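K.L.:
Attaching a single structure in structure tokens format; questions to follow.
The values are calculated or read from the model by the stated rules, or taken from the named source; none is laboratory data. Please read all numbers here as calculations on a predicted model, not as lab measurements. Backbone-built Cβ (ideal geometry, glycine too); neighbour counts: all protein chains shown.
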Amino acid sequence: MKIRYELLVVFLVLCVAHPALGQTEKLTLYADAGGSDCSIADTAPGLVEVHMIWAGSGGRTALHFRAPKPACWTGAIWLGDDIAIADVGSIGTTQLVSYTIAWPGCLDLPIYVGKMNFFGVGTGEPCCQYPVLAATSSEIPGSVVGVDCQLPFGNMVAVGAGSATINETEDCLCNPPLAAEETTWGRVKALYH
């Protein structure tokens with residue numbers, strides 16, 4: 001297997017760069033490519049797609065994370081990753097201890113990273129949480145890592161990690177509705193003083 005020079009450079013950057021602070025971005029899993037549904041259904045045998053979307057702002061050149069199938073998603077079989085970014089180089093897979101994806105230029109967030117394909121058999125447990133995780137070799141302990149577009153070597157940034165819910169139930173919503181709080185006219189006026 002031939003590894004591209006650019007990918008090797010990005011991998012080295014991930015090993016020696018320092019984290020940039022104050023970033024507000026998140027890599028989250030969804031049932032759809034538009035990022036509007038975090039509830040993944042495994043109710044019958046068939047193909048199940050889990051989409052990866054990196055939200056935030058700024059330009060990025062690489063991503064370092066993992067997203068192994070959770071143990072509670074019983075019977076599901078990982079078929080492979082389908083990365084949507086053109087001319088991408090990668091090391092590993094989402095199911096291993098480390099997955100590095102690098103592309104040759106700067107892309108602005110949000111980025112549709114791609115999807116993981118599974119064959120579901122309809123036996124996943126209810127309320128099964130499917131999180132994005134930090135790679136075991138993460139340069140920022142406990143964090144998914146991105147590389148910004150600063151040259152010659154980008155700064156590493158900590159990326160928040162979101163999750164999807166497989167076989168969501170009423171007691172376990174992946175996006176619970178916001179709680180509404182009763183208010184008074186005095187409380188509303190106090191917001192503007």
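Listed here are the residues, each with its yes/no results for (1) buried (at least 16 other Cβ atoms within 10 Å of the Cβ); (2) among the β-branched types (Val, Ile, Thr).
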site: Trp73; (1), (2): yes, no
site: Val113; (1), (2): yes, yes
site: Gly142; (1), (2): no, no
site: Gly146; (1), (2): yes, no
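Residues checked against (1) modelled with pLDDT of 90 or more; (2) among the β-branched types (Val, Ile, Thr); (3) within 21 Å of Gly56 (Cα to Cα); (4) over 20 Å from the mean Cα position of the chain (by Cα):
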| site | (1), (2), (3), (4) |
| --- | --- |
| Gly92 | yes, no, no, no |
| Val113 | yes, yes, yes, no |
| Ala135 | yes, no, yes, no |
| Pro152 | no, no, no, yes |
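K.L.:
Continuing with the same structure: Please specify each residue of segment 75-98 satisfying the condition of being among the charged types (D, E, K, R) and buried (at least 16 other Cβ atoms within 10 Å of the Cβ).
P.N.:
Asp81, the sole residue that qualifies.
K.L.:
Turning to a different aspect of this structure: Determine if segment 163-173 includes at least one residue that is among the charged types (D, E, K, R), outside any loop (DSSP other than H, G, I, E, B), at pLDDT below 95 and crowded, with 17+ Cβ neighbours inside 10 Å.
P.N.:
Going through segment 163-173, the residues among the charged types (D, E, K, R) turn out to be 168, 170-171.
Then keep just the ones that are outside any loop (DSSP other than H, G, I, E, B); that gives none.
The answer is no; no qualifying residue exists.
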